[in-house]
Amino acid sequence: VVEENGVEQRSDVRGLEIVTDSEAAVQLGLPADAPLVLLDRLRWAGDEPLAIDRIWLPADVAGPLLEVDFHHTSLYDELDRVAGIRPNAGWERIHPAVPRPDECSALHIARGEAVFEIHRLGAYGGDPIEWRVTVIRGDRFTLLADWTAGQRNELRPHMLVG
């Protein structure tokens, strides 16, 4: 969405490591102590921080991602390259939230300023392979609903430029 709006995107990788996280593991249908690859990055749109992206993947699938430079590449492209898979099903839940102080600082927003929190479960071949929690600035992101009588409605993200 960022580059579709003519704005350069990049990421600051805040963490790329093997961890255990019981909540993420449960979402992925794994035991609470399962090893996971965590990719934690601050996503930028031009000169402004746009989102904090935290992604957990099963280590047995995503271990090779530990060697990837994620400053300007797509997780799904790299997952396809190293493991031959990319999510082909899943769901997202988007809701307004009040960010934690550390998130306000990273996103350069005032305390109490609204954000959207996006929870995503990505699956491949029916198996969960990605649990993602994204905190995105509310002043730079909105949802747009397209509808036509007799057709399925579509809800899609839209970045506010400027």
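I'd like the residue in the range 44-60 that is in contact (Cβ under 8 Å) with a residue 60 or more places away in the chain and of a type outside the set (A, V, I, L, M, F, W, C) and, out of all such residues, is most open to solvent (accessible area, probe 1.4 Å).
Glu48
Could you please give the count of residues in the range 73-98 that are in a loop (DSSP other than H, G, I, E, B) and within 14 Å of Asp53 (Cβ to Cβ)?
Here the count works out to 2.
Please enumerate the residues belonging to the range 90-107 that are more than 24 Å from Leu36 (Cβ to Cβ) and either surrounded by 10 or more Cβ atoms within 10 Å (Cβ to Cβ) or in contact with a Cys (Cβ under 8 Å, 6 or more places away or on another chain) (or both).
Those that are more than 24 Å from Leu36 (Cβ to Cβ) and either surrounded by 10 or more Cβ atoms within 10 Å (Cβ to Cβ) or in contact with a Cys (Cβ under 8 Å, 6 or more places away or on another chain) (or both): Val98, Cys104, Ser105, Leu107.
Does Leu143 qualify as being modelled with pLDDT under 90, of a type outside the set (D, E, K, R) and assigned to a strand (DSSP E or B)?
Considered against the rule, which asks whether it is modelled with pLDDT under 90, of a type outside the set (D, E, K, R) and assigned to a strand (DSSP E or B), Leu143 comes out as yes.
Given (1) modelled with pLDDT of 95 or more; (2) part of a strand (DSSP E or B), identify the lone condition not met by Ala106.
Here Ala106 clears every test but (2).
Hey, any hits in the range 90-103 for a residue that's modelled with pLDDT of 95 or more and under 24 Å from Glu8 (Cα atoms)?
So far as the range 90-103 goes, yes, one or more of its residues are modelled with pLDDT of 95 or more and under 24 Å from Glu8 (Cα atoms).
Here is a list: Gly63, Gly84. Which entry is farther than 22 Å from Ile118 by Cα and either without any contact (Cβ under 8 Å) to a residue 24 or more places away in the chain or touching an Asp or Glu at 6+ places or on another chain (Cβ under 7 Å) (or both)?
After applying the criteria, what remains is Gly84.
The values are calculated or read from the model by the stated rules, or taken from the named source; none is laboratory data. These figures come from a predicted structure and were not determined experimentally. Counting neighbours? That spans all protein chains shown, and the Cβs are built from the backbone with ideal geometry, glycine included. These area figures cover heavy atoms from the full protein model, side chains too; ligands, DNA and RNA do not enter into them. Shrake-Rupley method; radii C 1.70, N 1.55, O 1.52, S 1.80 Å.
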